[in-house]
Amino acid sequence: MRFTIPVLAVTALALTATPALAGPPFICHAFELSGSPSLPWGSDTAAGWNNPDPAYDVTKLTGDVARLLTPSMPVPARMETLRRATIYASRDRAVAASLLTALETKAQANPADANALFDAGFLTEAYRQASRVYEWDMLAGRAKAQWTMRAEPAGDGARLIDAAVALNTAQAPEMRKARQLLVR
């Protein structure tokens, strides 16, 4: 009987413990799509966080992201789409700049649109995290050679996410959760 309590305690702890996740959360951890469409992604689950579809035409990224980020898209699906977009954009500086400019312009033109503010803020901070991939030594070989995102963006994505949350829309609780994941 002496061993039953410790065994039960360890078992309960193992079943309820949340695994620690390593890496910058805006780019390293997939978010739930819940059936929403997103950018194509590789099928090699062993590739981990950096698994873009090699057949995807990155020159279409800005237009594809704009089309996918509909007003009805749930926040976690927005985050996953922007996470994937960041990884695709990391391979082409011009595409990365185009996408960020498009989302920033939309947010500036629509300061009462929580989704536009959130999208621009999330992408800015995802780019910031992506710019540290070399610092954190997260890539090797060909993937490291392809990664061009090395400079932090100038904008303040956290401020934009905070502004989106402050609009207190139905999405605010999920946006607040995203804000808590922010690594600076």
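The values are calculated or read from the model by the stated rules, or taken from the named source; none is laboratory data. Since we're looking at a predicted model, the values are computed, not measured. Virtual Cβ from ideal backbone geometry, glycine too; neighbours counted across all protein chains shown.
What the table shows:
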{"read-out": "Only listed residue being of a type in the set (Val, Ile, Thr), buried (at least 20 other Cβ atoms within 10 Å of the Cβ) and more than 23 Å from Leu182 (Cβ to Cβ), chosen from Thr86, Thr62, Thr124, Thr45", "value": "Thr62"}
{"read-out": "Any hit, the stretch 23-45, residues being modelled with pLDDT of 95 or more, among the β-branched types (Val, Ile, Thr) and at negative phi", "value": "no"}
{"read-out": "Filter pass, Asp162 being buried (at least 18 other Cβ atoms within 10 Å of the Cβ) and in a helix (DSSP H, G or I)", "value": "no"}
{"read-out": "Extreme residue, surrounded by the fewest Cβ atoms within 10 Å (Cβ to Cβ), among residues of the stretch 32-42 that are small (Gly, Ala, Ser) and more than 14 Å from the chain's Cα centre (by Cα)", "value": "Gly35"}
{"read-out": "Positions within the stretch 133-151 being part of a loop (DSSP other than H, G, I, E, B) and surrounded by fewer than 17 Cβ atoms within 10 Å (Cβ to Cβ), in sequence order", "value": "Tyr134, Glu135, Trp136, Asp137, Leu139, Ala140, Thr148, Arg150, Ala151"}
